[in-house]
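One structure below.
The values are calculated or read from the model by the stated rules, or taken from the named source; none is laboratory data. Source: prediction; values computed, not measured. Here the Cβ positions follow ideal geometry from the backbone for every residue, glycine too, while neighbour counts run over all protein chains shown. The accessibility values were calculated without ligands, DNA or RNA, using every heavy atom of the protein model including side chains. Shrake-Rupley method; radii C 1.70, N 1.55, O 1.52, S 1.80 Å.
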Amino acid sequence: MSDLLIIIILILISALFAMSEIAIAASRKIKLRVMVDEGSSKAQAVLALQEQPGAFFAMIQIALNAIAILGGIVGEQALSPYIEQILGMIYQGPLLSQISFLISFLSITSLFILFADLLPKRLAMIMPEAVAVNVVSIMRWVTFALTPFVVFFNGITNLILRAFKVPAEREDIVTTEDIVAMMDAGAEYGSLQQQEYELIGNVFDLEARFLSSVMTPRDQIVYFDVKADAQEVATKIIEHPHNHFLVCDGNLDKLIGSVESKDILRKVLKGQSAEIDNELISQDIFYLPETLSLSEALNTFKKAAEPFAVVVNEYALMVGIVTVKDLMKGFMGDLISHQGEELIIQRDNSSWLVDGLTPVVELAKVLEIEEFPEQSHYETVAGFLIYTMKRLPKRAEFINFGGYKFEVVDVEGVKVEQLLVTRISDTV
């Protein structure tokens, strides 16, 4: 019975080492770092082992091989006599000892495979972080106890890896592709809601999109002429209830400053006219280059603490105006956009009405197009048409791309106002 007890103990010890090996290797660093932030010192120890796993894996292999050899020696002696007695009741031939040894060997091997390998490894794969933090202290002590053997075998392993110019340690860098894959998996299995999935996806678009995709373009800017009378100022405030208005001397190329509508309202409430006085005009204008990405613009707004910025091109000409709200709409997408502000309206299962100022990255998501051609040369769908045609498109002209027909529906002057996008396969 003592030999059987030794076999059981060896199986349990082997299971512990096998479970530790898989758990520490499979533990996710992101989850471990969260546990460290919550004050878990054992999670920090697991991260340390993952960063320098050589000594740990050397110890695991030494221990497992020693247990396997010892189990083979003890196992044959433990089971063979009992199996031989039982088998002798039905067979007394010359092969009795050999058959008993074979059955004993297969039984011991099966017990080790099942209880010392498969089951513990499956458990470790199911909950790697929980197992890892519970066994890491024991593993560190065993590694310390086997230090001479660990240093010897780990050193030889490192020399062989260097000889073949293979890195001795793994560089575990989380890439954008890794995060996107995790997002897709989370959305597929329901751990990420649709709004959360879209919001995270928009974060990655911040570097790929520029101010021109969210700003109010020059021809749509509502401004005050410094010489405008009170009636004209009041009418513009009523029709366009913005917080801030630019003040110009005749046109946008002669920008003087800006004025807050609440200051004009305060004058009106005091019984004064709505005319723009010089003391109301703030000449401190915040400028941003149109080449900034949305991410860079957000950081700049954060430092400047300004409510809006005038967007200029490389020739210092005003091309638009952008507010913090515009940037947040570019970031939050449909989560904060109102129905009347929709740029893409689906008519049926195979066609969409698209505003010419729609960012191509937004349309690509709706149409499930991976990327528009040479996308760095334009921001909007209108820009895509102009770049592809190499000229200003006319009404009813179209191009085909990615299985879709992009047809110009409305043109105002040189501006493409609206397009009709139709899935070609459904129109043939």
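In table form, for the structure just shown:
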{"read-out": "Subset of region 292-333 (residues that are touching a helix residue (DSSP H, G or I) at 6+ places or on another chain (Cβ under 6 Å) and not hydrophobic (A, V, I, L, M, F, W, C))", "value": "Gly320, Gly330, Gly333"}
{"read-out": "Selection count, region 26-56, where residues are open to solvent by 60 Å² or more (accessible area, probe 1.4 Å), modelled with pLDDT of 85 or more and of a type outside the set (Lys, Arg)", "value": "6"}
{"read-out": "Options Ile160, Ile103: the member that is at pLDDT 85 or above and open to solvent by 50 Å² or more (accessible area, probe 1.4 Å)", "value": "Ile160"}
{"read-out": "Flag for Ile256 being touching a residue at least 12 places away in the same chain (Cβ under 8 Å), under 19 Å from Thr323 (Cβ atoms) and out of contact with any Leu (no Cβ under 6 Å at 6 or more places or on another chain)", "value": "no"}
{"read-out": "Lone unmet requirement of (1) out of contact with any Ser or Thr (no Cβ under 9 Å at 6 or more places or on another chain); (2) crowded, with 17+ Cβ neighbours inside 10 Å for Asn65", "value": "(2)"}
{"read-out": "Matching helices (runs of 4 or more DSSP H) fully within region 1-59 where at least 2 residues are within 25 Å of Gly155 (Cα to Cα) and in contact with a helix residue (DSSP H, G or I) (Cβ under 6 Å, 6 or more places away or on another chain)", "value": "2-26, 41-51"}
{"read-out": "So Ala228, is it assigned to a loop (DSSP other than H, G, I, E, B) and open to solvent by less than 60 Å² (accessible area, probe 1.4 Å)", "value": "yes"}
{"read-out": "Among residues of region 24-38, those that are among the polar types (S, T, N, Q) and more than 21 Å from Pro120 (Cα to Cα), counted", "value": "0"}
{"read-out": "Subset of region 121-137 (residues that are under 19 Å from Ala63 (Cα atoms) and open to solvent by 80 Å² or more (accessible area, probe 1.4 Å))", "value": "Asn134"}
{"read-out": "Single condition Asn299 does not satisfy, out of (1) within 26 Å of the chain's Cα centre (by Cα); (2) touching a residue at least 60 places away in the same chain (Cβ under 8 Å); (3) outside any loop (DSSP other than H, G, I, E, B)", "value": "(2)"}
{"read-out": "Selection status of Ser273, assigned to a helix (DSSP H, G or I), of a type outside the set (A, V, I, L, M) and modelled with pLDDT under 90", "value": "no"}
{"read-out": "Neighbours by Cβ (under 7 Å, 6+ apart or cross-chain): first from region 271-293, in contact (Cβ under 8 Å) with a residue 60 or more places away in the chain; second assigned to a loop (DSSP other than H, G, I, E, B)", "value": "Glu290/Asn313; Ser293/Leu206; Ser293/Glu207; Ser293/Arg209"}
